[in-house]
Amino acid sequence: MKGSITVVGLGSGDESQLTLGALRRLEQADVLYLRTQHHPVTAYLRSSGIAYRSFDDLYEAHDQFHEVYSAIVDRLVQEAAAKPDRQIVYAVPGHPQVAEATVQMLRARAPEEGIELTILGGESFLDQAFLRFGFDPLDGFQLVDATKLDLYRFEPTIHTIFAQVYDNLTASDVKLKLMEWYPDDHPVVVGHALGVAGEEVIRKIPLYELDRIGGYGNLLLVWVPRDDREALRNKSFDRLHEIVAILRSPGGCPWDREQTHTSIRKNLIEETYEVLETIDEDDPDHMREELGDLLLQIMLHAQMEQEVGTFNVYDVIEALNEKLIRRHPHVFGDKSAGDAEEALSNWEAIKKEEKRQSGQDVERMSVLAGVPKDLPGLMKALKLQKKAAKVGFDWDNSRDVWAKLEEELQELREVMDEPGKEEERADELGDLLFVIVNLSRFLKVDPEEALARTNRKFMRRFAYIEEQLRLRGKTFDQTDLEEMEELWQEAKQV
């Protein structure tokens, strides 16, 4: 071996919390390194004449914590290799295996360098947190690194302790993210130097004060007690999954239990269009509600499959996450995309390769494949035309489209009044609509959106006619087309 390193946990308080084994290693060390001398045990080391060196200078020399930790590990490895016959002790706050990145890095690095690594436990700051805050971790507990807070993994229904609250910027980040869950004045508990006689401070403060209290550092912890209020539970995806499962259970809702994929098929379509309506209305509150209704349809379909053992909603999420990562190599991989067109090109190429790997004969697949058969007519026509245009089956310019439009209009006129030509009229009208969709492509206008705008405009103007007739004390039976046309023209000016 090329030397050895012994890691010792200093505990979270003064020397009274040191284990006997840890104390002996500190006393017997040939070379003693402290990750930081800002710890209650340091005073005891000085008074006992135990020499040490600290790595506090590295905190000043680097801007990022991971750079500091890498530099610490480098020095320790170099020292061990240079002095293989000496007992090198590295002392860290708390327990070496709790919130101590340098120890994890040493565990990975030491075997590669041929260095023997021994780790001695110490009292963790969690021991004092459980004792001084007074909660049982069996009630549910999570430890969060404040510098790496992931809002999506936060669980308010269990106790949470935030460590590594080094400064007010970190505290501010924690505060702002917690405010996504809690009101500004939600009580949180701040503990400083827990278990250290004469230094311990425990305060309950409103959340909005978290970045104003001072005293930040490695001895400061923030405790957010568990909260089982229904309002908080209702913010979680797991609660939604639970509710849908209850509705479909034997003791749930009779209507929900009877539904099948087929019976609620139309609901999925209706809810989608209701979401689209909120987009057109630019109404965020209504959109939030309708997106929830749409999500419910997805949850119900997934729950039905979970009940027969094929998949559940978490499998759906897993497949989607994998697809998003796989199809965005310019974000999650080593490819690049300078603009949206290049990103879309990457997407299509990966999609094609996925089909090939699934056993589909991509070379024999129709260019028009992949367009859902149940899409609304205008939308489907647009997708078909775009696919055909990619292989060159398209007009050169809009003049050609106008000529085709006039041709289709004339063909429709020719069969318009002829008896027995119902099918021909339908065909010619369809051809005319199809050409209009082609024209929309050259105008760079989505035909569905254009028609939706016109529908809304028609409804708004017609509502004006209805209101004006009501104000005049009239019904539609008591008016004529001339009066309605007059009101229509007025509506265009409103």
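The values are calculated or read from the model by the stated rules, or taken from the named source; none is laboratory data. Bear in mind that the values here come from a model prediction, so they are computed numbers and not experimental data. As a convention, Cβ positions derive from the backbone with ideal geometry for all residues, glycine included, and neighbour counts pool all protein chains shown.
Starting from residues that are touching a residue at least 12 places away in the same chain (Cβ under 8 Å) and among the charged types (D, E, K, R), keep the ones in the stretch 35-53 and report whichever is surrounded by the fewest Cβ atoms within 10 Å (Cβ to Cβ). Per the criteria, the residue is R53. Number of residues in the stretch 166-204 that are touching a residue at least 24 places away in the same chain (Cβ under 8 Å) and within 23 Å of A43 (Cβ to Cβ) equals 11.
Of the residues F476, F458, F462, F434, the single one that is in the same structural domain as D394 (by TED's automatic domain parsing) and aromatic (F, W, Y) is F434. Against the test of being under 25 Å from T147 (Cα atoms) and outside any loop (DSSP other than H, G, I, E, B), the options Y44, Y59 yield a single qualifying residue, Y59.
Selection of helices (runs of 4 or more DSSP H) fully inside the stretch 378-474 by the criterion of at least 1 residues being within 23 Å of K492 (Cα to Cα) and either of a type in the set (A, V, I, L, M) or touching a Cys at 6+ places or on another chain (Cβ under 9 Å) (or both) returns 447-471. Kindly establish whether S336 is part of a loop (DSSP other than H, G, I, E, B), hydroxyl-bearing (S, T, Y) and loosely packed, with under 14 Cβ neighbours inside 10 Å. For S336, the condition - part of a loop (DSSP other than H, G, I, E, B), hydroxyl-bearing (S, T, Y) and loosely packed, with under 14 Cβ neighbours inside 10 Å - is met. Applying the set (1) in contact (Cβ under 8 Å) with a residue 12 or more places away in the chain; (2) assigned by TED's automatic domain parsing to the domain that holds T272 to A319 leaves exactly one unmet item: (1). The selection criterion, being modelled with pLDDT of 95 or more and either under 30 Å from V92 (Cα atoms) or surrounded by fewer than 12 Cβ atoms within 10 Å (Cβ to Cβ) (or both), holds for V222.
You will find that of E209, E199, E270, the residue that is surrounded by 12 or more Cβ atoms within 10 Å (Cβ to Cβ), within 30 Å of K373 (Cα to Cα) and either at pLDDT 95 or above or over 25 Å from the mean Cα position of the chain (by Cα) (or both) is E270 and no other. It is to be established whether one or more residues within the stretch 119-126 are out of contact with any strand residue (DSSP E or B) (no Cβ under 6 Å at 6 or more places or on another chain) and either closer than 25 Å to T170 by Cβ or not in a strand (DSSP E or B) (or both). Within the stretch 119-126, one or more residues are out of contact with any strand residue (DSSP E or B) (no Cβ under 6 Å at 6 or more places or on another chain) and either closer than 25 Å to T170 by Cβ or not in a strand (DSSP E or B) (or both). The residues in the stretch 218-250 that are in contact with a Phe, Trp or Tyr (Cβ under 6 Å, 6 or more places away or on another chain) and among the aromatic types (F, W, Y) can be counted, and the count is 1.
Among the residues of the stretch 250-295, those identified as in a loop (DSSP other than H, G, I, E, B) and touching a residue at least 40 places away in the same chain (Cβ under 8 Å) are Q259, T260, H261.
The strands (runs of 3 or more DSSP E) falling completely within the stretch 129-224 include none with 1 or more residues that are in the same structural domain as G13 (by TED's automatic domain parsing), of a type in the set (G, A, S) and under 22 Å from D238 (Cβ atoms). Figure legend. Inter-residue proximity from the stretch 139-159: first residues modelled with pLDDT of 85 or more, second residues aliphatic (A, V, I, L, M), beta-carbon distance below 6 Å, spacing 6+ or different chains. Indicated pairs: G140/I158; F141/I158; Q142/I158; L143/I161; A146/V165; A146/V174; P156/L232. Across the stretch 300-341, the qualifying residues are those that are under 16 Å from V244 (Cα atoms) and among the polar types (S, T, N, Q), and the one among them that is farthest from the chain's Cα centre (by Cα) is Q306.
Restricting attention to the stretch 290-314, the residues being farther than 14 Å from F237 by Cα and either loosely packed, with under 14 Cβ neighbours inside 10 Å or in contact with a strand residue (DSSP E or B) (Cβ under 7 Å, 6 or more places away or on another chain) (or both) number 5.
Of all residues being touching a residue at least 12 places away in the same chain (Cβ under 8 Å) and not in a helix (DSSP H, G or I) in the stretch 322-333, which is farthest from K387 (Cα to Cα)? Just the residue, please. For the stretch 322-333, the residue satisfying everything is H328. Taking every residue in the stretch 343-369 that is aliphatic (A, V, I, L, M) and pairing it with any residue that is loosely packed, with under 10 Cβ neighbours inside 10 Å, at least 6 positions away or on another chain, the pairs with Cβ-Cβ distances below 8 Å are V367/V391.
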